[in-house]
Amino acid sequence: MYDWLNALPKAELHLHLEGSLEPELLFALAERNKIALPWNDVEALRSAYAFNNLQEFLDLYYAGADVLRTEQDFYDLTWAYLLKCKAQNVIHTEPFFDPQTHTDRGIPFEVVLRGIKQALVDGEKQLGISHGLILSFLRHLSEEEAFKTFEQAMPFRDAFIAVGLDSSEMGHPPRKFQRVFDKARSEDLLTVAHAGEEGPPEYIWEALDLLKIERIDHGVRAIEDERLMQRIIDEQIPLTVCPLSNTKLCVFDDMRQHNILQMLERGVKVTVNSDDPAYFGGYVTENFAALHHSLGMTQEQAKRLAQNSLDARLV
Ligand SMILES: [Zn+2]
């Protein structure tokens with residue numbers, strides 16, 4: 001089944017490039033940039049990947065991202081991810097990058113963007129993987145800081161297709177970013193947002209009504225609100241679901257409790273994605289395989305999930 005799932009043509013619509021930083025590359029970049037790490041070796045780092053919630057993961061994630069310093073580092077990070085896509089027959093990807101994670105520690109916006117974009121362009125030419133890049137704001141920071149990032153991004157407007165919203169969800173509702181999302185839409189950018197991962201269904205309503213998003217990232221808590229479920233089914237609003245992430249971060253205690261197939265059978269346009277694969281134990285195929293092993297996902301269901309991902313592309 002793994003090989004069959006791996007060969008299925010897929011799109012990935014929920015992937016944080018910084019979250020694809022594998023321990024081996026993290027150590028290699030630390031050495032190249034002469035940065036001392038708090039872990040002795042790759043194994044020690046991997047064993048730190050046991051999280052009880054989103055925040056514990058984010059703390060480690062931001063520490064890891066500190067090894068990314070030069071344009072070449074961002075290129076290497078993105079290229080390593082694209083090679084994984086190639087190996088798993090991901091034919092289209094719409095990754096997120098978090099400029100604030102880097103600009104806040106003194107890395108210029110253009111260093112980050114140029115490295116990532118060049119790798120994506122090369123991936124299109126050399127690997128045949130098409131892409132649309134999404135600039136994501138960190139929601140634990142202020143809207144004012146998001147505006148600053150947006151201004152830095154504007155000279156490179158053509159390099160990305162949409163803006164998104166990620167990082168610590170609880171206490172940072174979508175309405176906090178309504179004005180910067182309005183501004184992004186006025187520049188003809190599309191919008192997406194993480195909502196309903198740890199946060200309540202109200203956050204999904206806000207993301208739809210105030211941020212006017214095209215797609216909901218995660219959204220698994222929509223199932224708690226029947227009126228919301230009806231809307232996302234009627235309007236066929238895609239959900240970018242990340243099963244291994246959800247179990248690693250204890251959104252569900254166990255994969256057998258995951259609601260993705262239940263949503264699929266109700267007619268929700270759910271898709272399968274890896275979120276932060278280096279930290280959560282696998283890329284897209286591993287996420288599909290986990291659904292097969294724990295929930296008995298059939299080949300027919302897998303085909304529908306993969307087709308949903310191709311249909312839910314923004315570009
Ligand atoms: Zn995410």
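The values are calculated or read from the model by the stated rules, or taken from the named source; none is laboratory data. This one's a predicted model, so the numbers in the text were calculated from it and none came from an experiment. Don't worry about glycine lacking a Cβ; one is built from the backbone with ideal geometry, like all the others, and counts go over all protein chains shown. SASA here: full protein model, heavy atoms, side chains in, ligands and nucleic acids out. Shrake-Rupley method; radii C 1.70, N 1.55, O 1.52, S 1.80 Å.
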**Asked** Quick check: anything in the stretch 223-233 of a type in the set (A, V, I, L, M), at pLDDT 95 or above and under 19 Å from the mean Cα position of the chain (by Cα)?
**Response** no
**Message:** Pairs needed: first member in the stretch 78-97, among the β-branched types (Val, Ile, Thr) and modelled with pLDDT under 95; second member anywhere, more than 16 Å from the ligand (Cβ to nearest atom) and open to solvent by 50 Å² or more (accessible area, probe 1.4 Å); C-beta distance under 9 Å; at least 6 residues apart or different chains.
**Reply:** none
**Message:** Exactly one condition in (1) within 16 Å of the ligand (Cβ to nearest atom); (2) buried (at least 19 other Cβ atoms within 10 Å of the Cβ) is false for residue 45; which is it?
**Reply:** (1)
**Fill in**
Within the stretch 97-124, of all residues that are charged (D, E, K, R) and within 18 Å of the chain's Cα centre (by Cα), the one farthest from residue 68 (Cα to Cα) is 117
**Message:** Out of everything in the stretch 272-308 that is of a type in the set (Gly, Ala, Ser) and under 15 Å from residue 7 (Cβ atoms), what residue ends up being nearest to the chain's Cα centre (by Cα)?
**Reply:** 306
**Prompt:** Which members of the stretch 204-221 meet the condition of being within 16 Å of the ligand (Cβ to nearest atom) and either free of Cβ contacts under 8 Å to residues at least 12 places away in the same chain or open to solvent by less than 30 Å² (accessible area, probe 1.4 Å) (or both)?
**Reply:** 204, 207, 211, 213, 215, 216, 217, 218, 219, 220
**Complete:** Filtering the stretch 12-24 down to residues that are outside any loop (DSSP other than H, G, I, E, B) and either open to solvent by 10 Å² or more (accessible area, probe 1.4 Å) or within 16 Å of the ligand (Cβ to nearest atom) (or both) yields 12, 15, 16, 17, 18, 19, 20, 24
**Request:** Consider residue 47 carefully, then state whether it is over 23 Å from residue 172 (Cα atoms), modelled with pLDDT of 95 or more and either of a type in the set (Gly, Ala, Ser) or within 17 Å of the chain's Cα centre (by Cα) (or both).
**Result:** no
**Request:** Could you check the stretch 230-280 for helices (runs of 4 or more DSSP H) lying wholly inside it with 2 or more residues that are more than 12 Å from the ligand (Cβ to nearest atom)?
**Result:** 243-248, 260-266
**Message:** Would you confirm whether or not the stretch 260-269 contains a residue that is in contact with a Ser or Thr (Cβ under 8 Å, 6 or more places away or on another chain), within 24 Å of residue 164 (Cβ to Cβ) and buried (at least 20 other Cβ atoms within 10 Å of the Cβ)?
**Reply:** no
**Request:** Run down 193, 184 and say which single residue is within 15 Å of the ligand (Cβ to nearest atom) and closer than 28 Å to residue 229 by Cα.
**Result:** 193
**Message:** Condition first: assigned to a helix (DSSP H, G or I), within 16 Å of the ligand (Cβ to nearest atom), within 28 Å of residue 198 (Cα to Cα) and open to solvent by 10 Å² or more (accessible area, probe 1.4 Å). Can you find one or more residues in the stretch 62-71 that meet it?
**Reply:** yes
**Message:** Taking the condition of being free of Cβ contacts under 8 Å to residues at least 40 places away in the same chain and more than 27 Å from residue 253 (Cβ to Cβ), how many residues in the stretch 45-77 meet it?
**Reply:** 1
